[in-house]
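Notes to accompany the following structure.
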Amino acid sequence: MGKEKKSGKRLTKKQLAEKLTGFFQSQPDETFSFKQIFHALKLTTHPAKMLAIDVMEEMAWDDFLSKVGESAYTLNTKGQVQEGTFVRKANGKNTFLPDDGGTPVFVSERNSMAALNGDHVKVQFMARRQNHIKEAMVIEIMQRKKDTFVGRLRVEKDIAFLVTQENLFIHDILIPKKKLKGGKTDDRALVKITKWPDADHKNLVGEVVDVLGEAGNNDVEMNTILAQYGLPYKYPKRVEEAAEKISAEITPQDFAEREDFRDVWTCTIDPRDAKDFDDALSIRKVKDGLWEVGVHIADVSHYVKEGDIIDREAQQRATSIYLVDRTIPMLPERLCNFICSLRPNEEKLAFSCVFNLDDDANVKSYRIVHTVIKSNRRYAYEEAQQLLEDNGVVDGTGEPAPNPGKDGYKGEYAKEVVTLDRLAKKLRARRMKGGSVKFESEELHFDIDEHGKPIRCYFKRSKDANKLIEEFMLLANKTVAESIGKTTKGKKAKTLPYRVHDNPDPQKFENLREFTAKFGYKLKSSSTKGATARALNKLMDEVQGKREEKVIQTIALRSMMKAKYTTHNIGHFGLAFDYYTHFTSPIRRYPDTMVHRLITRYQHGGRSANKEHYEELCEHCSDMELVAQSAERDSIKYKMVEFMGEHIGECYDAHISGIQSFGIYAEIDENHCEGMIPMRDLDDDYYDFDEKNYCLVGRRRHHVYQLGDPIRIQVAKANLERKQLDFTLDDGCPKKQQQPEMPTDGKTSNRKGSRRGGRNRRRR
């Protein structure tokens, strides 16, 4: 006999099911663990407990219960009808995502009601067939995600079609010939749907809104990318006309209301091809050991008034878009490149954060004031970097320039630039010590000819001159956020759009910890932001220069959450700031303009702004930022494919930059172009995809393809239409060293990888 005394007859499966049904129905809103269920139903023996677990699994399968985690259940109170988002897949495995964030549900093509990707739909759950997954059928399309699409025209004798590359359609978009607007076969066109599929007609019917031009033309292809994402590729004439009417004159009243910085040495440091100079730095010595540094930002809100035609257009766009060969500005050209731009040797209005800093870059005092400035010098990043290096700065060391000799520092305004660099490095060191995560960013750049054709591509790494600007912008953004967000106890902070960044996803961070352990690194997980960031930085320091550096950095970046705008401040994990906003780029980001207006309002004694209104604006700006990033990535992909199209058949050294179940992504070492080796081309073995360890493992020969592995590739195809490069393994060289059989703990080889970085100051 066991520890527990048997009492009475053992419960049958049916009896136990009745007991469980009654138990959950009596407390419909509660979630119960196994332990709580066993205790409530007085299940004391092991067989009874196991039977209960089996019964609950069946009840979950029948949708009577919902499983919560691995060992808890709750009553499924959701009805048979739900609303959510339809996700169309090219392979026909469509899914329904409930609005409440529940588990995705399969929708077969015959039950999709011709819903398109992203449509908001109402579904009805179907009775589950034995041994089949849960299914739903669309019963109503509540809201279409969009009604305009971009593609290539195919004009035939009686009818025309729009051919798209989006996995959106199950049938062609038909276009009556009288609705072509002059479009011809192979023209890129923007088409609006005029008739959606119904019971009688399965096709979509549309009309041409705009003919973008002939496929293959650079301008046409760039505009096509913008149109695909619903982004504007033309600036409205009425908005440009409104901008032309704005006076650039600085009035005596402007001078009277502002601090005058025209006689203080000021400079801008920007990319070589920049025209919109939205930030400038000034510096002057107050006394020995004390410096006044001004972070001067273009005063867009002085010229663009809330609610006017220019503001409405800027709000809708929310951000400037930086394609490979052009900028799609948020503001009309007259404003962004001329009136507001802090051009050298011109008097300009600015909104400034002015700091008094000691020699260790400690902030002794600050003020946020409207100013008039006059920039003395416009530097390209390369010029400023050369000036620093000419005076003894070694890039990447974090060390400032040595003390000048008797002749002083070499170069025009060298003393000012070197001093700013020294203070910036003090700020950076303190930020890193405080827990800011350090990922070195790299940006893919192209040299293009007058026709927009790429002739060279390469990575640009952030150097000391970039970091100089970045640190002072970060300091200004942090200080402005603190000036509003930090309040005395019991006092409520006024409304402000913050730039927030949440802690890493716990599961992804745990995956990172397990993965790095295979290389012998110990990554400590912690519940506090500071401790987690310090653990990540320690890891980055340990892997620096090692073969696995890029692999680990890639996976670490994947564990991060995305930064966003919101009025609900939770701090910025990546920067280790409790308060952070965007203040320094109002020419190209609408949230910065919002912040400028609110700071001005509060300085004049205004009441706190409507939080709900600004939260909606924040959500819109966050959404538009993601859309703009997608368009920017597509323009890079297009130029990559265009560039490599001239090199079909050539072989290169590369490394594995991504692994999926359908193939291997490889990045060429020489020029950083990325393509894919389809799984079908790996014909030397049958490969299994190990998602957790980011590798493919051969069943018979035990070849391992690991993220970061060096390989030799041949350029096979360059499909501009799909923006897709196809590689094959170079047969002229050994494909791979044969790896020993994977150990049972899942350990993998330690080889290096790579990842493209984002725009340095544009996104933080």
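The values are calculated or read from the model by the stated rules, or taken from the named source; none is laboratory data. Quick caveat, the model's predicted, so the values are computed rather than measured. Don't worry about glycine lacking a Cβ; one is built from the backbone with ideal geometry, like all the others, and counts go over all protein chains shown.
Out of curiosity, is Ser301 among the small types (Gly, Ala, Ser), in the same structural domain as Arg378 (by TED's automatic domain parsing) and within 22 Å of Glu625 (Cα to Cα)? Against the criterion (among the small types (Gly, Ala, Ser), in the same structural domain as Arg378 (by TED's automatic domain parsing) and within 22 Å of Glu625 (Cα to Cα)), Ser301 qualifies. Exactly one residue out of Thr593, Thr600, Thr554 is over 26 Å from Glu313 (Cα atoms), part of a helix (DSSP H, G or I), among the hydroxyl-bearing types (Ser, Thr, Tyr) and in contact (Cβ under 8 Å) with a residue 24 or more places away in the chain: that is Thr554. Entry remark, region 644-656: residues being in a helix (DSSP H, G or I) and crowded, with 21+ Cβ neighbours inside 10 Å number 1 in total.
Among the residues of region 692-701, write down those that are within 12 Å of Phe515 (Cα to Cα) and either without any contact (Cβ under 8 Å) to a residue 12 or more places away in the chain or not in a loop (DSSP other than H, G, I, E, B) (or both). Within region 692-701, Cys695 is the sole residue that qualifies. For first residues located in region 191-204 and hydroxyl-bearing (Ser, Thr, Tyr), partners that are in a strand (DSSP E or B) and lie 6+ apart or on another chain with Cβ distances below 8 Å form the pairs Thr194/Val205; Thr194/Gly206; Thr194/Glu207.
In region 538-571, the qualifying residues are those that are farther than 13 Å from Phe509 by Cα and of a type in the set (Val, Ile, Thr), and the one that is surrounded by the fewest Cβ atoms within 10 Å (Cβ to Cβ) is Ile570.
Inspection of region 217-228 finds no residue satisfying the criterion of being more than 30 Å from Leu335 (Cα to Cα) and surrounded by 15 or more Cβ atoms within 10 Å (Cβ to Cβ). Checked against the criterion of being among the hydroxyl-bearing types (Ser, Thr, Tyr), within 24 Å of Arg633 (Cβ to Cβ) and not assigned by TED's automatic domain parsing to the domain that holds Cys673, the candidates Tyr498, Tyr458 yield just one match: Tyr458.
Do we have any residue at all in region 521-536 that's outside any loop (DSSP other than H, G, I, E, B), assigned by TED's automatic domain parsing to the domain that holds Tyr565 and under 24 Å from Cys695 (Cα atoms)? Looking through region 521-536, at least one residue is outside any loop (DSSP other than H, G, I, E, B), assigned by TED's automatic domain parsing to the domain that holds Tyr565 and under 24 Å from Cys695 (Cα atoms). Report yes if Thr581 is crowded, with 17+ Cβ neighbours inside 10 Å, of a type in the set (Ser, Thr, Tyr), modelled with pLDDT of 90 or more and touching a Phe, Trp or Tyr at 6+ places or on another chain (Cβ under 7 Å), otherwise no. Yes: the conditions hold for Thr581.
Scanning region 278-304 for residues that are outside any strand (DSSP E or B) and at pLDDT 95 or above yields Asp299, Val300, Ser301, His302, Tyr303, Val304. Condition check: in contact with a Leu (Cβ under 6 Å, 6 or more places away or on another chain), over 24 Å from Val264 (Cα atoms) and either hydroxyl-bearing (Ser, Thr, Tyr) or outside the structural domain of Arg262 (by TED's automatic domain parsing) (or both). Does Ser375 satisfy that? For Ser375, the condition - in contact with a Leu (Cβ under 6 Å, 6 or more places away or on another chain), over 24 Å from Val264 (Cα atoms) and either hydroxyl-bearing (Ser, Thr, Tyr) or outside the structural domain of Arg262 (by TED's automatic domain parsing) (or both) - is not met.
When you go through Lys562, Lys508, Lys546, Lys518 one by one, which is the residue that is in contact with an Asp or Glu (Cβ under 9 Å, 6 or more places away or on another chain), within 30 Å of Ala666 (Cβ to Cβ) and at pLDDT below 85?
Lys518
Return yes or no: is Glu691 closer than 26 Å to Glu721 by Cα and of a type in the set (D, E, K, R)? Spelling it out, it is not the case that Glu691 is closer than 26 Å to Glu721 by Cα and of a type in the set (D, E, K, R). Might you let me know whether region 508-526 holds any residue that is under 30 Å from Arg422 (Cβ atoms) and under 25 Å from the mean Cα position of the chain (by Cα)? Looking through region 508-526, none of the residues is under 30 Å from Arg422 (Cβ atoms) and under 25 Å from the mean Cα position of the chain (by Cα).
Of the strands (runs of 3 or more DSSP E) lying entirely inside region 305-394, the ones with 3 or more residues being farther than 19 Å from Lys467 by Cβ are found at 347-358, 363-374.
Yes/no matrix, rows are residues, columns are (1) among the charged types (D, E, K, R); (2) closer than 24 Å to Glu440 by Cβ; (3) out of contact with any helix residue (DSSP H, G or I) (no Cβ under 9 Å at 6 or more places or on another chain); (4) loosely packed, with under 14 Cβ neighbours inside 10 Å:
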| site | (1), (2), (3), (4) |
| --- | --- |
| Asn362 | no, no, no, yes |
| Ile368 | no, no, no, no |
| Val372 | no, no, no, no |
| Arg378 | yes, no, yes, no |
| Tyr381 | no, yes, no, no |
| Glu389 | yes, yes, no, no |
| Gly405 | no, no, yes, yes |
| Glu416 | yes, no, yes, no |
| Leu420 | no, yes, no, no |
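Can you spot a residue in region 42-61 that is surrounded by fewer than 17 Cβ atoms within 10 Å (Cβ to Cβ), under 26 Å from Met126 (Cβ atoms), at pLDDT below 80 and outside the structural domain of Phe662 (by TED's automatic domain parsing)? Yes, the conditions are met somewhere in region 42-61.
The lone criterion from (1) among the β-branched types (Val, Ile, Thr); (2) assigned by TED's automatic domain parsing to the domain that holds Phe351; (3) in contact (Cβ under 8 Å) with a residue 60 or more places away in the chain left unmet by Ile469 is number (2).
Elements of the type strands (runs of 3 or more DSSP E) sitting completely within region 423-502 and holding at least 1 residues that are modelled with pLDDT of 95 or more and touching a His at 6+ places or on another chain (Cβ under 6 Å): these cover 498-500. Just one of (1) closer than 24 Å to Arg513 by Cβ; (2) at pLDDT 80 or above; (3) among the polar types (S, T, N, Q) fails for Ser749. It is (2).
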